[in-house]
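Notes for the one structure printed next.
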Amino acid sequence: EDQVTQSPEALRLQEGESSSLNCSYTVSGLRGLFWYRQDPGKGPEFLFTLYSAGEEKEKERLKATLTKKESFLHITAPKPEDSATYLCAVYSGTYKYIFGTGTRLKVLA
Amino acid sequence: SQTIHQWPATLVQPVGSPLSLECTVEGTSNPNLYWYRQAAGRGLQLLFYSVGIGQISSEVPQNLSASRPQDRQFILSSKKLLLSDSGFYLCAWSHGGSYEQYFGPGTRLTVT
């Protein structure tokens, strides 16, 4: 059964303290892995798509990487405005997406 | 650019009442459309998806139904709401071979 597990569930960082969020997955035939940012009471905002192991994507202070079993979202020198829940999802075809439960990130000034 | 709208933003309904949530997409044609429910502490649960007008696939048997009367309109309905239908409902669209989904702002439904 396809499954996505995100860790940690919650993370508190000081401003400027870099860290990584983990997304472990088991899926039969990965077509894509996605990272989203979700602010409280709002819909998820698309960040990245990764298609194959070894691929990396960057956007401002965020960098996403992918291996055959997991993906990492690296946050470099975070700012308070990076505080949000970060969601990971996988797609294996036939319009079915499996989402993790997210990592709640809080960046303190 | 593409935009996705959902309404209403919030809704409080009594048990046993009907439900209609609407989602529309602008700036694209023939999108794939999805309805999700997000419960606290749980991942997004795919409820329905549609690849074209009148084509609806259900992922979870439940008290809800979906319809797609127009290319860029997706509606989530119920004839009689249950307490367990409370949650945050999200509409999303995708297009082409890139697979990524883009989400609407969501509807917070509270069934009392």
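Of all the numbered requirements in (1) open to solvent by 50 Å² or more (accessible area, probe 1.4 Å); (2) on the phi < 0 side of the Ramachandran plot, A:Leu11 misses one, and that requirement is (1).
When restricted to residues that are open to solvent by less than 40 Å² (accessible area, probe 1.4 Å) and outside any strand (DSSP E or B), the range B:61-70 contains 1.
For the structure I just gave you, tell me whether B:Arg37 is part of a strand (DSSP E or B) and either closer than 21 Å to A:Val4 by Cα or of a type in the set (Lys, Arg) (or both). Considered against the rule, which asks whether it is part of a strand (DSSP E or B) and either closer than 21 Å to A:Val4 by Cα or of a type in the set (Lys, Arg) (or both), B:Arg37 comes out as yes. Listed here are the strands (runs of 3 or more DSSP E) enclosed by the range A:48-109 that have at least 1 residues being of a type outside the set (A, V, I, L, M, F, W, C), in contact with a Gly (Cβ under 6 Å, 6 or more places away or on another chain) and within 13 Å of chain B (Cβ to nearest Cβ): A:84-91.
Within this structure, A:Gly43 passes the test of being at pLDDT 95 or above and outside any strand (DSSP E or B).
Does B:Tyr89 count as outside any loop (DSSP other than H, G, I, E, B), more than 21 Å from A:Arg31 (Cα to Cα) and modelled with pLDDT of 90 or more?
Answer is yes for this residue.
Annotation note: Cβ proximity below 6 Å between a residue of the range A:40-63 that is farther than 21 Å from B:Gly43 by Cβ and a residue that is open to solvent by less than 60 Å² (accessible area, probe 1.4 Å) and of a type in the set (Phe, Trp, Tyr) (sequence gap 6+ or interchain) occurs for A:Lys57/A:Phe48. When the range A:85-104 is filtered for residues that are within 18 Å of B:Ala40 (Cα to Cα) and open to solvent by 10 Å² or more (accessible area, probe 1.4 Å), the ones remaining, listed by number, are A:Thr85, A:Ile98, A:Phe99, A:Thr101, A:Arg104. Among the residues here, A:Lys69 qualifies as under 18 Å from A:Ser92 (Cα atoms) and more than 12 Å from the chain's Cα centre (by Cα).
Restrict the check to the range B:22-32 and report whether at least one residue is among the small types (Gly, Ala, Ser) and part of a strand (DSSP E or B).
No, the conditions are met nowhere in the range B:22-32.
Within the range B:36-61, the set of residues being more than 7 Å from chain A (Cβ to nearest Cβ) and within 12 Å of the chain's Cα centre (by Cα) comprises B:Tyr36, B:Arg37, B:Gln38, B:Gln45, B:Leu47, B:Phe48, B:Ser50, B:Ile56, B:Ser58.
The values are calculated or read from the model by the stated rules, or taken from the named source; none is laboratory data. Predicted model only: the values in this text are computed from it and were never measured. Glycine also receives a Cβ, built like all others from the backbone with ideal geometry; neighbour counts cover every protein chain displayed. Side chains are part of the model used for accessible areas, which takes the heavy atoms of the whole protein and leaves out ligands, DNA and RNA. Shrake-Rupley method; radii C 1.70, N 1.55, O 1.52, S 1.80 Å.
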